[in-house]
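Every number in this text was worked out from the coordinates using simple rules, so none of it is lab data. Keep in mind it's a predicted model, so treat the numbers as computed, not measured. Backbone-built Cβ (ideal geometry, glycine too); neighbour counts: all protein chains shown.
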């Protein structure tokens with residue numbers, strides 16, 4: 001039997017875990033992705049808050065936090081290749097008496113690859129799975145709940161807003177490209193024909209998953225040498241050694257609980 005056993009039920013977990021999640025600092029991530037045929041780089045910063053906790057013992061063995069709010073700022077840089085707009089003016093040739101055949105020069109106009117920055121802030125609702133992990137680091141026992149999966153994401157309004165932001169940024173960028181005025185409608189229709197709401201959903205989902213994966217929510221922290229009694233004028237402090245700390249989810253008592261078991265020695 002462990003020397004010390006502490007347990008909290010779902011009622012207590014719904015106080016402790018959301019409060020701890022809301023206290024986590026802002027997290028930043030960056031990477032590369034694609035939006036249909038358009039390549040892009042991205043960076044994101046965001047914070048988590050709220051959540052409703054469901055303790056799910058083995059064999060699932062996760063702390064599921066639903067209705068979790070993710071407030072984020074997403075910076076994208078889209079690379080648009082406008083070479084599909086390249087064209088050449090037709091060459092005209094005439095025959096002039098005493099001179100012969102004369103042709104106008106062949107004139108071709110090529111369009112560059114441009115980078116389009118897009119900044120977008122919004123929030124989404126998610127459910128996330130966390131799994132308990134216990135470590136002994138530099139003489140301190142730590143129990144963390146580590147995010148290991150994102151089973152559901154509600155992206156609808158955020159995805160629609162991001163699609164609109166991308167559209168506005170691309171249109172603004174096209175307006176400053178020389179000679180593109182008459183071709184603006186054609187360019188916009190071709191580009192936006194390849195960027196759909198499904199593309200945006202396919203972009204946001206992996207970004208949010210990468211953004212939160214591996215985040216650690218602190219549950220318990222205690223020095224391995226634990227002070228039971230502080231020092232007195234004539235006596236030293238009384239310490240015990242925490243030999244092992246085990247954190248687990250348990251439902252054997254008829255109620256799902258988060259249990260921390262500790263073995264100690266003098």
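Quick notes on this structure:
- Mean ellipticity per residue at 222 nm, deg cm²/dmol - from DSSP H runs of n ≥ 4 across the chain, formula -39500 (n - 2.57): -7500 deg cm²/dmol
- For the chain, the longest principal axis of the C-alpha atoms and the axis of helix 197-212 are separated by about 30°.
- With 0.36 nm allotted per residue and the present C-alpha distance subtracted, the residue 237-residue 160 stretch has 21.6 nm of extension available.
- Cβ crowding within 10 Å averaged over residues, with 55-64, 223-232, 143-152, 189-198 ranked highest first: 143-152, 55-64, 189-198, 223-232
- Using alpha-carbon coordinates, inclination of helix 184-194 to the longest axis of the chain, degrees: 40
- Largest-first principal axis extents, alpha carbons of the stretch 1-96, Å: 108, 29, 23
- Peptides 242-252, 19-29 ranked from most to least packed give 242-252, 19-29, packing being the mean of other C-beta atoms within 10 angstrom over each peptide's residues.
- Axis angle, to the nearest 10 degrees, between helix 10-22 and the longest C-alpha principal axis of the chain: 50 degrees.
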